[in-house]
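A short write-up of the structure that comes next.
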Amino acid sequence: MSGPRRWLMAVLLGEAAIAAMLLGGDLARALPRLAWPSPAPQLTEPVRPGDQTRRFRPDQLPARPRRDGTPLPDPDEMPDRLRIGLRDGAVTLMGRIAPGDAARVSSELERAEPAPATAHLDSPGGSVADALAIGRMLRDLGIETRIGAGAVCLSACPYILAGGATRRVAEGAWVGVHQHYFDQNAALPAIFAIEDIQRGQGEVMGYLIEMGIDPALMRHALVTPPNEIYLLLPEELARYRLAPREPDPAG
């Protein structure tokens, strides 16, 4: 084989090896998503201390009661990106957190008259970067965050909750955390994707400290795979300073 052909063959083999490495890295990152269904109980199963991990898919939320007690018929009412509602001095953020939603929320809050004092959350999560940006925005504006009975605040949503100047979680709300994807470049080899994930986790921990939240909360997120969710008990919401325990209406 002549010299140029040998070099061409070497280049082609090198490219094939790189492609195989990239494919392997992509598969490694995709496996948690493919490992469905999870052996964990359904999201709606009651939790108790030590039994708080539930199966989770943001596109397969169970029917939930509205604030007036009537059920949401199916998860199709959960928008693919945040639905921003302004009314009576409050902002409602409902739906998945899509890339670019932080800019949309900022634009709506700038135009709001009067400026909202409270943000009601109902979201299965989504973009971590946007959740952190929205949380900082709410803190800067002194806006309280609330999660009503029957509402969910899962995955990246608790970081918006953490941004509230004060935070309230009603009995019957679901607040949960798990491992995140940090929008890493799928073309990167696995070793660099891991670096991105670690950097992202560091940013989240720094954010929680900035917001006055106990970063020990991340322990539950780090050990819970993306197709499961760790649901926080009221005493954990208080312990990690996400929200004080709501008083028992029965006394």
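The values are calculated or read from the model by the stated rules, or taken from the named source; none is laboratory data. Please read these numbers as outputs of a predicted model, since none were measured by experiment. No Cβ is skipped: glycine too gets one built from the backbone with ideal geometry, and neighbour counts run over all protein chains shown. Quick note on the areas: whole protein, heavy atoms, side chains included, nothing else; ligands and nucleic acids left out. Shrake-Rupley method; radii C 1.70, N 1.55, O 1.52, S 1.80 Å.
What is the list of residues in region 96-140 whose amide nitrogen lies under 16 Å from a point 7 angstrom out from the Cα of ARG87, following Cα to Cβ?
113-114, 116-122, by backbone N distance to the label point.
If I model a spin label as a point 7 Å beyond the Cα along the Cα-Cβ vector, how far apart are those points for ARG245 and GLU171 in nm?
Using points 7 Å along Cα→Cβ, the separation is 1.2 nm.
Can you tell me the length gained on complete extension of the stretch ALA98 to ALA112, counting 0.36 nm per residue apart and subtracting the Cα distance?
2.9 nm
For the residue pair THR44 and LEU222, what label-to-label distance in nm results when each label sits 7 Å from Cα along the Cα-to-beta-carbon direction?
Between THR44 and LEU222, the simple spin-label model gives 3.5 nm.
Whole-Hz Karplus ³J(HN,Hα) for region 110-118, in order, using 6.51 cos²θ - 1.76 cosθ + 1.60 and θ = phi - 60°, x for Gly and Pro?
Couplings: 5, 8, 5, 9, x, 5, x, 9, 9 Hz.
Go ahead and collect, in residue order, the members of region 133-151 whose backbone nitrogen is under 18 Å from a label point 7 Å along the Cα-Cβ direction of ALA238.
147
In what sequence, highest mean first, do 155-165, 124-134 appear when ranked by Cβ atoms within 10 angstrom?
Output ranking for 155-165, 124-134: 155-165, 124-134.
Tell me the accessible surface of GLU171 in square angstrom (1.4 angstrom probe, heavy atoms of protein chains only), to the nearest ten.
Rounded to the nearest 10, the figure is 140 Å².
May I ask you to order 94-100, 229-235, 45-51 by the average number of other C-beta atoms within 10 Å around their residues, highest value first?
So the peptides 94-100, 229-235, 45-51, ranked by packing, come out 229-235, 94-100, 45-51.
Work out how much length GLN60 to GLU210 would gain on full extension: take 0.36 nm times their residue separation and subtract the Cα-Cα distance, in nm to one decimal.
My answer for the length gained is 50.7 nm.
Give the Rg/Rh ratio for region 84-142, taking Rg as the radius of gyration of the Cα atoms and Rh as the Kirkwood radius, to two decimals.
0.93
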